[in-house]
Amino acid sequence: MRNFFFALAIAFHVVFSNGLQAAMTPLEAEIRRLIVVDGPMPVARYMALALTHPAHGYYVTRDPFGARADFVTAPEVSQMFGELVGLWAAAVWQRMGAPERVNLVELGPGRGTLMADALRALTIVPAFRAALDVHLVETSPTLSARQREVLSGLGVPITWHGDVAAVPEAPLIVVANEFFDALPVHQAVKASDGWHERMVGLNGAGRLAFALHPEPVRGLEGLLPPRIRAAPAGALFEWRSDHVAGELARRVVRSGGATLVIDYGHLESGLGESLQAVSSHGFADPLAAPGDADLTAHVDFAALARAVERAGARAYRPVAQGDFLHRLGIAERARMLKVRATPAQAATIDAALARLTAPGPTGMGDLFQAMAFADPKLGALPGFDS
Ligand code: SAH
């Protein structure tokens with residue numbers, strides 16, 4: 001009898017894994033084709049295709065947010081998050097000398113919730129609201145359509161762009177929540193002759209598999225912080241292009257302004273892999289279902305600071321999200337919201353407050369960091385150490 005069940009289990013396994021193979025995502029078929037015709041691709045290119053391929057990318061084909069979707073972001077937890085970010089922007093605008101027109105730019109606005117809550121809160125700062133041109137940088141037509149729905153009728157001019165470079169030049173305030181973690185990462189592994197880039201190729205069975213480039217990445221060694229350079233053979237290092245950070249830094253210096261980045265990651269550049277696939281609130285193999293799972297990698301805040309400082313901006317030391325939101329007055333905001341709330345609503349507000357600010361595994365309070373970079377003339381920024 002036991003053998004029978006064992007045989008049955010194996011039969012199921014075979015059918016199931018063949019089933020999985022047969023259910024290859026359309027994007028996996030396209031990536032396999034690209035590898036056959038062009039050769040293995042860097043992990044960064046694989047990640048870019050998985051997230052933003054124009055027909056099959058994860059963000060292009062769906063709205064991934066919400067309790068029943070793949071993951072929940074801070075603006076989706078509570079309106080307090082977007083409201084406080086909006087008021088942060090108003091305070092920055094005042095520090096900038098309250099220019100008559102200012103671009104409020106959001107990178108990767110998702111469902112548009114943060115911006116909608118920010119604009120609603122900003123009715124208490126009418127001069128800032130009247131000075132605003134909102135620019136949304138979004139690659140996904142599905143999410144842009146959703147943003148258009150949520151943000152229409154709020155009385156502020158809004159323009160969409162596929163790339164920050166297309167935002168018109170003007171004094172600017174930029175916000176980016178969980179955007180940088182979605183930007184592609186490169187990976188390289190240390191060997192005796194240098195760092196070899198990790199590639200995605202095909203294994204003997206024709207399936208997607210990691211492999212190292214035979215040649216070391218020329219010049220990489222010289223760009224690495226000394227501690228990383230001294231890593232033992234086999235160590236893995238991840239880095240991102242500084243295209244977006246550099247472009248924003250040059251703009252805040254040239255035209256005046258500041259950028260707020262909220263994301264999860266590490267404060268010092270470190271070794272080890274952080275690339276992961278997230279699907280239905282769980283972790284999955286990054287190569288298993290390209291286009292069907294979210295891919296993210298930690299933000300290296302030290303590398304981000306180096307990139308913006310190279311472009312002449314001032315980088316502010318990251319502050320844990322919980323501390324940042326408390327400094328902006330989230331506890332007071334929660335109290336105000338509870339004044340007219342039913343007991344059930346009050347409990348929801350308390351739960352959201354805890355979720356956004358609590359440290360440790362139950363909250364986002366110290367998992368996420370707030371970081372800013374700005375025109376060095378601005379001086380102290382709300383929420384950050386001066
Ligand atoms: N800020 C939102 C969504 C975060 S998810 C929130 O906090 O809820 C990442 C967002 O960035 C999505 O809107 C996604 O479509 C967008 N995105 C990802 N890669 C991008 C890229 N390279 N250029 C522009 N937008 C991108």
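The values are calculated or read from the model by the stated rules, or taken from the named source; none is laboratory data. Quick caveat: nothing in here was measured; it's all calculated off a predicted structure. Cβ sites come from the backbone with ideal geometry, for glycine too, and all protein chains shown count toward neighbours. Surface areas here come from the heavy atoms of the whole protein model, side chains and all, with no ligands, DNA or RNA. Shrake-Rupley method; radii C 1.70, N 1.55, O 1.52, S 1.80 Å.
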Inset, instruction - May I ask what percent, to the nearest 5, of DSSP beta bridges between residues of the chain are antiparallel? - result: 60
Inset, instruction - Before rounding to the nearest 500, sum -39500 (n - 2.57) across all DSSP H runs of length at least 4 in the chain and divide by the residue total; then give [θ] at 222 nm in deg cm²/dmol. - result: -12000 deg cm²/dmol
Legend entry - Cα-Cα separations in the chain greater than 26 Å, expressed as whole percent: 57
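With all protein chains present, how much of the accessible area of the chain (probe radius 1.4 Å) comes from carbon and sulfur, to the nearest whole percent?
Carbon plus sulfur share of accessible area: 59 percent.
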Legend entry - Solvent accessible area, Å² - Leu223, 1.4 Å probe, full protein context: 140
Inset, instruction - Quote to one decimal, in nm, the extra length available between Ala165 and Arg306 on full extension: 0.36 nm per residue of separation minus the C-alpha distance between them. - result: 48.7 nm
Legend entry - Three-way shape label, the range 30-155, alpha-carbon gyration tensor, a/c 1.5: prolate
Legend entry - DSSP-assigned coil residues among GluC sites (Glu not before Pro) in the range 189-287, each with at most 14 further Cβ atoms within 10 Å: Glu268
Legend entry - His56 accessible area, assembled protein chains, probe 1.4 Å, Å²: 70
Inset, instruction - With r as the distance between the Cβ atoms of Asp193 and Arg317 and R0 = 51 Å, compute the FRET efficiency 1/(1 + (r/R0)^6) and round to 0.05. - result: 0.90
Inset, instruction - List the relative contact order of the chain as a percent without decimals, with contacts defined as Cα pairs under 8 Å and 6+ residues apart. - result: 18
Legend entry - Zone of Glu273's modelled label, taken as backbone nitrogen in the range 171-200 under 16 Å from a point 7 Å along Cα→Cβ: 185-191, 196-200
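When the chain is fully extended, how far beyond the present Cα-Cα distance does Phe283 get from Leu34, taking 0.36 nm per residue of separation?
Values: separation 249, 0.36 × 249 = 89.64 nm, distance 2.61 nm.
Full-extension gain reported as 87.0 nm.
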Inset, instruction - Per residue of the range 355-368, in order, report the coupling 6.51 cos²θ - 1.76 cosθ + 1.60 (Karplus, θ = phi - 60°) as ³J(HN,Hα) in whole Hz, putting x for Gly and Pro. - result: 4, 6, 10, 5, x, x, x, 8, x, 9, x, 10, 6, 9
Inset, instruction - Could you tally the net charge around Leu287, taking each other residue with its Cβ under 15 Å from the Cβ of Leu287, Lys/Arg +1 and Asp/Glu -1? - result: -2
Inset, instruction - Compute the signed sum of charges (Lys and Arg +1, Asp and Glu -1) over the other residues within less than 10 Å, Cβ to Cβ, of Leu378. - result: +2
Legend entry - Local net charge near Met199, Cβ-Cβ under 12 Å (Lys/Arg +1, Asp/Glu -1): -1
Inset, instruction - Arrange the peptides 119-126, 75-82 so that the one whose residues have, on average, the most other Cβ atoms within 10 Å appears first. - result: 75-82, 119-126
Legend entry - Extension reserve of the Arg120-Arg327 stretch, reckoned as 0.36 nm per residue once the Cα distance is removed: 72.5 nm
Inset, instruction - Could you rank the peptides 336-348, 250-262, 207-219, 99-111 by their average count of other C-beta atoms within 10 Å per residue, with the highest value first? - result: 250-262, 99-111, 207-219, 336-348
Inset, instruction - Set the Förster radius R0 to 41 Å, insert the Cβ-Cβ distance between Ala205 and Glu149 as r into 1/(1 + (r/R0)^6), and round the FRET efficiency to 0.05. - result: 0.40
Legend entry - Sequence of Asp350, Asp38 from largest to smallest accessible area, 1.4 Å probe: Asp38, Asp350
Legend entry - Gyration tensor (alpha-carbon) shape descriptor, the range 250-386, a/c threshold 1.5: oblate
